[in-house]
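The next block holds one structure in the form of structure tokens; read it before the comments.
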Amino acid sequence: MDNQLIVGIHQPNFMPWLGYFYKIWQSDIFIFLDDVQFIKTGSSYTNRVSINIHGQNQYITIPIKRGSGVQNINQTHFLNEKWKKKLITTLQSNYAKSPYFNKNREFIFALINFEAENLAEYNMNFIQKISERLNFHTQFVQSSTFELTTKSTQRLIELINNVNGKVYLSGAGGDEYQDHDTYKNEKIEVHYNKMPIFEYPQPKGEPFIEGLSIVDALFNIGFKGLETSLFNHKRINNDNTKTE
């Protein structure tokens, strides 16, 4: 797999968990699916995330405006800006005593207060700024720049081909629905983003709460702590390759 361009693809999630950033770190190019449909009802990880509130995994959800028809993530707007102040207050209340809260609060709060035209732009700014601080060398691309009309697997293949990718880094659960023959016919290898077990000290003690926003790790072990632990070992290898 030497010199083969690794491409990760994902919707721009809101303040994502560590596994999302692990996927970015494993990718040479990361494509934001910013022009796919926002769900018609309820919420998704594009506008919600879980954090540690009083020792429990609890969701924080951004209120968004819903149109009468289909709207893509990059066409989705905030209902108001009040949630930003509320989120900052919640983080202050629950992480003020964390070891790296004071060091990183200004940076994180500035990202939360970022003014964006739409949900996709807001989330992409957060993700890219965090990735820069973690010294990732991944190139970011938006799917909307290609103006594709295809869907599902064919859309992903077109995106990968458009950036000259040779390896597709799929989500860990992708093996259940991927059409591997289609990728194979296009001479694209499929690998799976399998984050290793990774735990760190959290407030309120054990057991460790998984799946929280990356801000939980940044307030508890800091950027350097993540760099020298989770993002400091060998990247993709044949252990998570899908062969046919």
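The values are calculated or read from the model by the stated rules, or taken from the named source; none is laboratory data. These numbers come from a predicted model, not from an experiment. Ideal geometry is used to build each Cβ from the backbone, glycine not excepted, and the neighbour counts take in all protein chains shown.
Data table
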| item | result |
| --- | --- |
| Filter result for the condition that a residue is over 21 Å from Phe14 (Cα atoms), aromatic (Phe, Trp, Tyr) and at pLDDT below 90, over Tyr168, Tyr177 | Tyr177 |
| Of all residues making up segment 145-162, the number that are out of contact with any helix residue (DSSP H, G or I) (no Cβ under 6 Å at 6 or more places or on another chain), surrounded by fewer than 19 Cβ atoms within 10 Å (Cβ to Cβ) and either of a type outside the set (Gly, Ala, Ser) or farther than 21 Å from Glu189 by Cβ (or both) | 8 |
| In segment 10-29, the residues that are among the hydroxyl-bearing types (Ser, Thr, Tyr) and in contact with a strand residue (DSSP E or B) (Cβ under 8 Å, 6 or more places away or on another chain) | Tyr20, Ser27 |
| Any chance Asn47 is touching a residue at least 60 places away in the same chain (Cβ under 8 Å), touching a helix residue (DSSP H, G or I) at 6+ places or on another chain (Cβ under 7 Å) and closer than 16 Å to Asp216 by Cα | no |
| Among the candidates Ile31, Ile9, Ile51, residue that is over 14 Å from the mean Cα position of the chain (by Cα), modelled with pLDDT of 95 or more and assigned to a strand (DSSP E or B) | Ile51 |
| Filtered residues of segment 56-83 (kept if under 21 Å from the mean Cα position of the chain (by Cα), over 13 Å from Ala116 (Cα atoms) and not in a strand (DSSP E or B)) | Ile62, Pro63, Gln71, Trp83 |
| Answer from Lys97, Lys86 - the residue that is more than 22 Å from Asp34 (Cα to Cα) and in a loop (DSSP other than H, G, I, E, B) | Lys97 |
| Complete set of residues in segment 37-46 that are over 13 Å from Trp17 (Cα atoms) and buried (at least 17 other Cβ atoms within 10 Å of the Cβ) | Phe38 |
| Test: Glu189 is free of Cβ contacts under 8 Å to residues at least 40 places away in the same chain, of a type in the set (D, E, K, R) and surrounded by 13 or more Cβ atoms within 10 Å (Cβ to Cβ) | no |
| Residues of segment 197-224 classified as of a type in the set (D, E, K, R), buried (at least 18 other Cβ atoms within 10 Å of the Cβ) and not in a helix (DSSP H, G or I), total | 0 |
| Residue match in segment 78-88 (condition: within 30 Å of Lys151 (Cβ to Cβ) and touching a residue at least 12 places away in the same chain (Cβ under 8 Å)) | yes |
| Residues of segment 115-143 that turn out to be free of Cβ contacts under 8 Å to residues at least 40 places away in the same chain, assigned to a loop (DSSP other than H, G, I, E, B) and crowded, with 16+ Cβ neighbours inside 10 Å, as a count | 0 |
| Segment 85-114, residues that are buried (at least 17 other Cβ atoms within 10 Å of the Cβ) and of a type in the set (Lys, Arg) | Arg105 |
| Leu119 in contact with a Pro (Cβ under 6 Å, 6 or more places away or on another chain) and farther than 30 Å from Thr228 by Cα | no |
| Residue match in segment 148-158 (condition: part of a helix (DSSP H, G or I), hydroxyl-bearing (Ser, Thr, Tyr) and under 19 Å from Asp28 (Cα atoms)) | no |
